[in-house]
Amino acid sequence: MQKHLIKHFVLALAILLGVGMQAQDIHFSQYNSSPLALNPALAGMNNCDYRVYLNFRTQWLTVSSGNTFRTIAGGADMSIGKITKYNSFAGVGISFFSDQAGDINFNSNRVDVSFAYHFMLNRKGTSQISAGIQAGFNHRSINPSKATFDSQYDPTTGIVNADGTRENFGRTKVMFGDAGLGLIFSTIVKRGTNIYAGFALSHINQPKISFYPNGSTAGSTGNERLPMKVTLHGGAAVPVGTRLTVMPNFLFLLQGSTYEFNLGCNFKTALGNNPATSTTALHLGAQYRGLLDAVIINARVDIKGFSCGLSYDINVSKLLPASKSIGAPEISLMYQGCARKKPRPGHCPVLF
């Protein structure tokens with residue numbers, strides 16, 4: 001009986017996090033591998049001319065049957081401008097995500113268009129500041145027929161009466177527009193050390209998201225809005241010897257009354273006979289997501305423009321009895337290519 005209650009508690013919590021006023025956006029453990037979802041100022045900022053990527057994540061396999069907590073995201077972006085070290089240039093991109101949470105099929109779908117401009121701060125092309133804007137369209141839906149409510153439970157036996165009274169929603173679909181902006185500063189300092197820091201604001205228009213447009217007896221006013229989200233992120237790439245690079249990184253998210261932070265470090269090893277020019281590398285690292293949420297182990301392989309990353313969240317939160325220590329696997333795929341014969345010179349932040 002206790003396990004049954006814990007399971008339903010987690011399901012209810014997931015629904016509240018998705019529908020409630022102070023909900024957090026979807027996000028990935030490999031957040032740098034979903035650049036346009038992290039910061040629109042990253043549009044066009046890649047190792048050559050264009051980039052395409054795809055991310056997939058699933059979680060709570062022990063809580064809800066049928067793999068009902070899963071997220072897929074992707075995007076493509078390209079740089080626009082002259083290929084010189086000291087010329088500023090622009091970037092454009094398009095991205096999407098589709099997220100399903102829980103047995104009632106709470107679906108969140110989003111498409112964004114991003115534009116960024118990258119200002120070179122010196123003629124060596126070693127420092128730049130980038131500014132980006134983003135506009136998006138969102139669609140959310142639920143399936144109330146798959147939900148159960150308090151009135152359907154017998155408090156004595158715990159048996160669910162399928163014919164019991166169900167709550168009536170004002171609507172089962174919500175559509176709204178969205179807007180965001182971002183800034184990133186990056187520079188190369190002594191001995192090739194790369195440092196970057198970024199800031200982004202999402203949902204600056206705070207769109208209405210309620211499934212009760214006219215209010216309800218459940219306490220909704222119909223005016224519930226998606227809170228603005230603040231993102232702070234940054235990191236460094238510090239060469240140690242000829243093959244090894246140490247890459248500390250951080251992420252901080254603040255949305256309404258909820259917040260989250262990630263602290264981690266990755267180690268990149270260049271492979272091949274000439275590590276200075278090799279495009280093949282192996283990444284290994286770990287992150288901590290607080291407060292007391294998860295420890296994340298991650299790895300990535302780079303081969304001639306292709307990158308494949310794999311991570312696994314090890315749950316350490318108070319929901320451990322429900323998760324049974326089963327974490328969340330996540331995979332990322334990325335390709336960065338050159339449309340021109342001559343690659344773009346100059347500076348690009350080294351992200352995981």
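Things worth noting here:
- Out of 270, 299, 286, 237, one residue alone is in contact (Cβ under 8 Å) with a residue 40 or more places away in the chain and either hydrophobic (A, V, I, L, M, F, W, C) or on the phi < 0 side of the Ramachandran plot (or both). It is 237.
- Candidate set: segment 147-173, residues that are basic (Lys, Arg) and surrounded by 12 or more Cβ atoms within 10 Å (Cβ to Cβ); chosen: the one modelled with the highest pLDDT: 171
- For segment 174-196, a residue qualifies if it is closer than 30 Å to residue 145 by Cα and either of a type outside the set (Phe, Trp, Tyr) or buried (at least 20 other Cβ atoms within 10 Å of the Cβ) (or both), and the qualifying residues are 174, 175, 177, 178.
- Residue check for residue 230: on the phi < 0 side of the Ramachandran plot, in contact with a strand residue (DSSP E or B) (Cβ under 8 Å, 6 or more places away or on another chain) and without any contact (Cβ under 8 Å) to a residue 12 or more places away in the chain: no
- Only one entry of 297, 314, 326, 331 meets the criterion of being at pLDDT below 95 and part of a strand (DSSP E or B), and that entry is 314.
- Residues (at pLDDT below 95, in contact with a Lys or Arg (Cβ under 6 Å, 6 or more places away or on another chain) and of a type in the set (S, T, N, Q)) located in segment 256-293: 279
- Meets criteria (out of contact with any helix residue (DSSP H, G or I) (no Cβ under 9 Å at 6 or more places or on another chain), at pLDDT 95 or above, closer than 26 Å to residue 54 by Cβ and hydrophobic (A, V, I, L, M, F, W, C)) for residue 94: no
- When segment 218-236 is filtered for residues that are in a strand (DSSP E or B) and modelled with pLDDT of 95 or more, the ones remaining, listed by number, are 229, 230, 231, 232, 233, 234, 235, 236.
- Residue 57 under 30 Å from residue 122 (Cβ atoms), under 20 Å from the mean Cα position of the chain (by Cα), touching a residue at least 60 places away in the same chain (Cβ under 8 Å) and not in a helix (DSSP H, G or I): no
- Residue that is surrounded by the most Cβ atoms within 10 Å (Cβ to Cβ), among those in segment 84-127 that are out of contact with any Phe, Trp or Tyr (no Cβ under 6 Å at 6 or more places or on another chain), closer than 30 Å to residue 58 by Cα and aliphatic (A, V, I, L, M): 104
- Test: residue in segment 288-301 that is crowded, with 16+ Cβ neighbours inside 10 Å and closer than 20 Å to residue 39 by Cα: yes
- A single entry from 212, 259, 196 fulfils the requirement of being outside any strand (DSSP E or B) and hydroxyl-bearing (Ser, Thr, Tyr): 212.
- Number of positions in segment 315-332 that are touching a strand residue (DSSP E or B) at 6+ places or on another chain (Cβ under 6 Å) and either in contact (Cβ under 8 Å) with a residue 40 or more places away in the chain or exposed (fewer than 15 other Cβ atoms within 10 Å of the Cβ) (or both): 7
- Considering residues of segment 58-83 that are at pLDDT 95 or above and surrounded by 23 or more Cβ atoms within 10 Å (Cβ to Cβ) only, the residue nearest to residue 326 (Cα to Cα): 73
- Test for residue 114: is it touching a strand residue (DSSP E or B) at 6+ places or on another chain (Cβ under 6 Å) and under 18 Å from residue 74 (Cα atoms): yes
- Filter result for residue 142 (farther than 28 Å from residue 249 by Cα and without any contact (Cβ under 8 Å) to a residue 12 or more places away in the chain): no
- Checked against (1) in contact with a helix residue (DSSP H, G or I) (Cβ under 7 Å, 6 or more places away or on another chain); (2) within 25 Å of residue 301 (Cβ to Cβ), residue 63 meets all criteria but (2).
- The residues of segment 237-256 that are closer than 22 Å to residue 181 by Cβ and either more than 23 Å from the chain's Cα centre (by Cα) or outside any strand (DSSP E or B) (or both) amount to a single one, 256.
The values are calculated or read from the model by the stated rules, or taken from the named source; none is laboratory data. Here the structure is a predicted model, which means the values were calculated and not measured. Reconstructed Cβ throughout: ideal geometry from the backbone, glycine too, with neighbour counts over all protein chains shown.
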